[in-house]
Amino acid sequence: MSDYDFDLFVIGAGSGGVRAGRMAAQLGKRVGVAEESMPGGTCVVRGCVPKKFMVYGADYGASIKEAAQYGWSVGDVSFDWPLLRDSIQKEVSRLSGIYSNILEKNGATLYSERAEFVDAHTVRLTTSGKTITAETILVAVGGTPWAPEIKGAEHAIVSDDAFTLETLPERALIIGGGYIASEFAGIYAGMGVKTVQAYRGDRLLKGFDSEVRDEVGAVQTNNGIDVKFNISPVEIKKTTGGFIVTFDDGSKIGTDVVFMATGRTPNTGTLGLEKAGIEMDKGGAIKVDALSKTTAANVYAVGDVTNRVNLTPVAIREAGAFIETVFKNNPTAYDHSNIASAVFTRPPVGTVGLSEEDARSKFGDDIIVYATKFRPMKNTLSGNPHKAFMKLITQGADEIVIGIHLVGDYSGEIIQALGICVKAGLTKADFDSTCAVHPTLAEEIVTLTARS
Ligand code: NDP
């Protein structure tokens, strides 16, 4: 046994940290974990999980409206935000408790306080002042919302605040065109809030396939969101009835809540990384090699703090690879290619692999694009005018599928299975030889014809 207090000390009990701490403890390692907030991290406490509940909440409202054409007569309906908020918080507390238990049940020691580096083998717990040493340290502290420092910025909320709002606003202004802005605009609109989404670019979801970006714009509009492009806020002014936000084109928007969904930044600020010789990039993310090792030989980092692919399941996979590398003598680099993901707009986006633009710039004309847009069966009766969109991109004579992009109901579910196909290197012929499941929305993916 080494002279250190622990074999592994993990800073941050989010998705990556808990997975690594639990796995190391199960291998019989002496594990300590520090978490200054609720165990579970961004995803469980103030991200994916409560957000998805809010999406479900918003969807019920739309379903009630659409139910009439399916024979249901529904009386007066109203939405009780405090009820949903409190139900969600109760579930979040339950899940957070499970995360604590997972660690403690497997023999890890959880410290409910903040840890900062003293040197590469030593951390100090900032509340108790206790100093702890470890042979290996894993930094898994995630990220935090970032907002531009415009005049009156203190009046804005960020995603961390959105889950516990005391009252549901009548009007919401959401700044940004990325994941969080697009998802929350859909949530608020679904809850009956008069919602404006203001984005500095000309199409939402930068980096996604350009047709998906157009379709998501249509999705937002279909949900009653007023999407404004090519504007950035310069000032937020508090008024008696709410806030007035001024934009760089001189326009002004009045609202009850200003929600800055303008990106996230790694949580490295006051960790004392320099004391351990751990380097960061210019955005504050910890620099790591393919094995998640930092510039300090015994310190590793996984998840959003490394700003590679900032998704919960990726942090979990990186943590698993870290355990293989450090505790199983099996150096393992997690493969970040072809990660399927979803954006939970209403309906959602599902995507895996290359966008058409990226495929074209990588392979030139050696690609074939298959696409369709159609009114889903459910919407023909309900009257919802939304049309689903599907695109599949192949490369080379063998037509290997290198990208799939969906916008429509269940896309987040469907893309998980399609992610397996892309990861496995299947071809268009494999898709064509697969019999459709009828009548479903997903069946269209095995009957696609090439775009002329
Ligand atoms: P994103 O990077 O996706 O979006 C940030 C948005 O803010 C962009 O539209 C950006 O514009 C805009 N922006 C940035 N700076 C400014 C500024 N100074 N003024 C005005 N607008 C600005 O970040 P999010 O916070 O939405 O999400 C962070 C990450 O969290 C995501 O990238 C994703 O990895 C993860 N996430 C995943 C989810 C999922 O899997 N469903 C859900 C939520 C988050 P521009 O596009 O021009 O840069």
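The values are calculated or read from the model by the stated rules, or taken from the named source; none is laboratory data. Computed from a predicted structure; not experimentally measured. We place every Cβ from the backbone using ideal geometry, glycine too, and count neighbours over all the protein chains shown. Ligands, DNA and RNA are stripped out before the accessible areas are found, and what is left, the full protein with its side chains, is counted by its heavy atoms. Shrake-Rupley method; radii C 1.70, N 1.55, O 1.52, S 1.80 Å.
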Sequence gap at least 6, Cα distance under 8 Å: using those rules, report the relative contact order of the range 74-142 to the nearest whole percent.
14
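Tell me, what is the FRET efficiency for residue 118 and residue 66 to the nearest 0.05, using R0 = 56 angstrom and their Cβ-Cβ distance as r?
Working: r = 59 Å, r/R0 = 1.05.
It comes out at approximately 0.45.
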With axes computed from alpha carbons, what is the tilt in degrees of helix 210-222 against the longest principal axis of the chain, rounded to the nearest 10 within 0 to 90?
70
Which cross-chain or sequence-distant (5 or more) residues have an amide H under 5 Å from the amide H of residue 157, H modelled 1.01 Å from N in plane?
258, 259, 260
Given H placed 1.01 Å from N in the peptide plane, which residues other than close sequence neighbours of residue 427 have an amide H under 5 Å from its amide H?
401
Approximate spin-label separation residue 237-residue 365, in nm, with each point projected 7 Å along Cα-to-Cβ:
5.7
Pull the list of the chain cysteines that no other Cys approaches to under 4.7 Å, Cβ to Cβ.
421, 435
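Would you please report the Å³ per residue occupied by the convex hull of the alpha carbon atoms in the range 267-353?
Numbers: hull volume 9.3 nm³, N = 87.
It comes to 107 Å³ per residue, whole-number rounded.
If R₀ is 60 angstrom, what is the calculated FRET efficiency for the pair residue 451 and residue 297, using the beta carbon separation as r and rounding to 0.05? Don't skip to the answer; put the middle values down first.
Values: r = 52 Å, r/R0 = 0.86.
For R0 = 60 Å, the calculated efficiency reads 0.70.
Percent of alpha carbon pairs in the range 55-119 separated by more than 17 Å?
Taking all Cα-Cα pairs of the range 55-119, the fraction more than 17 Å apart is 65 percent.
Take peptides 109-115, 35-41, 299-305 and line them up by average Cβ neighbours within 10 Å, highest first, as a rough protection proxy.
Values: 109-115: 19.3, 35-41: 22.4, 299-305: 30.6.
Going from most to least packed, we get 299-305, 35-41, 109-115.
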Checked against the positive end of the charge dipole of the range 363-452 (+1 on Cβ of Lys and Arg, -1 on Cβ of Asp and Glu, about the Cα centre), the farthest of 383, 419, 452 is 383
List every residue whose amide H lies under 5 Å from the amide H of residue 197, counting only residues 5 or more places away in sequence or on a different chain, with H placed 1.01 Å from N in the peptide plane.
174, 226, 227, 228
Nearest-5 percent of antiparallel DSSP beta bridges in the chain?
60
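Pulled fully out, how much extra length does the chain show between residue 358 and residue 149, if you take 0.36 nm times their separation in residues and subtract their Cα-Cα distance? All intermediate terms of the calculation are to be shown ahead of the outcome.
On the way: separation 209, 0.36 × 209 = 75.24 nm, distance 3.29 nm.
Length difference between fully extended and current span is 72.0 nm.
Can you send over the carbon and sulfur percentage of the accessible area for the chain, probe radius 1.4 Å, protein chains only?
51
Sort 236-248, 315-327, 267-279 by the packing proxy (mean of other Cβ within 10 Å over each peptide's residues), most packed first.
Details: 236-248: 15.2, 315-327: 22.8, 267-279: 17.3.
Final packing ranking: 315-327, 267-279, 236-248.
How much length, in nm to one decimal, is gained on full extension between residue 26 and residue 1, taken as 0.36 nm per residue of separation minus their Cα-Cα distance?
Values: separation 25, 0.36 × 25 = 9.00 nm, distance 1.66 nm.
Separation in residues times 0.36 nm, less the Cα-Cα distance, equals 7.3 nm.
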Per the charge dipole of the range 276-376 (beta-carbon charges, Lys/Arg positive, Asp/Glu negative, Cα centre), the residue among 332, 352, 280 reaching farthest to the positive end is 352
From DSSP H assignment alone, runs of 4+ in the chain each adding -39500 (n - 2.57), the sum over residues rounded to the nearest 500 puts [θ] at 222 nm at -9500 deg cm²/dmol
Spelling out what I want: for every residue of the range 167-184, take phi, set θ = phi - 60°, compute 6.51 cos²θ - 1.76 cosθ + 1.60 (Karplus), and round to whole Hz; glycine and proline get x.
10, 7, x, 7, 10, 10, 10, 10, 9, x, x, x, 3, 5, 4, 5, 5, 6
Can you list the HN-Hα couplings for the range 338-348, worked out from phi with the Karplus curve (6.51, -1.76, 1.60; θ = phi - 60°), rounded to whole Hz and with x for Gly and Pro?
6, 8, 6, 8, 10, 10, 8, 6, 10, x, x
Relative contact order in percent for the range 141-219 (Cα pairs under 8 Å, 6+ apart) equals 23
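Given a Förster distance of 51 angstrom, what is the FRET efficiency for residue 78 paired with residue 335, based on the Cβ-Cβ distance and rounded to 0.05?
Values: r = 48 Å, r/R0 = 0.95.
In this case the efficiency is close to 0.60.
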Measuring from centroid to centroid over Cα atoms, what is the spacing of the range 141-189 and the range 1-21 in Å?
32
Give a residue-ordered list of calculated ³J(HN,Hα) values for the range 129-146 (Karplus: 6.51 cos²θ - 1.76 cosθ + 1.60, θ = phi - 60°; whole Hz; x for Gly, Pro).
x, 5, 10, 10, 10, 8, 5, 10, 10, 10, 9, 9, 8, x, x, 9, x, 10
Over all directions, the average projected area of the alpha-carbon convex hull for the chain comes to how many nm²?
24.8
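Could you state the accessible area per residue of the chain in Å², with a 1.4 Å probe and every protein chain left in place?
Working: 20920 Å² over 452 residues.
For the chain, the solvent-accessible area averages 46 Å² per residue.
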When only alpha-carbon atoms are used, what values of Rg and Dmax, in angstrom, describe the range 319-435?
17.1, 58
Roughly how many nanometres apart are two label points built 7 Å out from the Cα toward the Cβ at residue 167 and residue 218?
3.8
Expressed in nanometres to one decimal, the distance between label points 7 Å along Cα→Cβ at residue 429 and residue 281 is 4.0
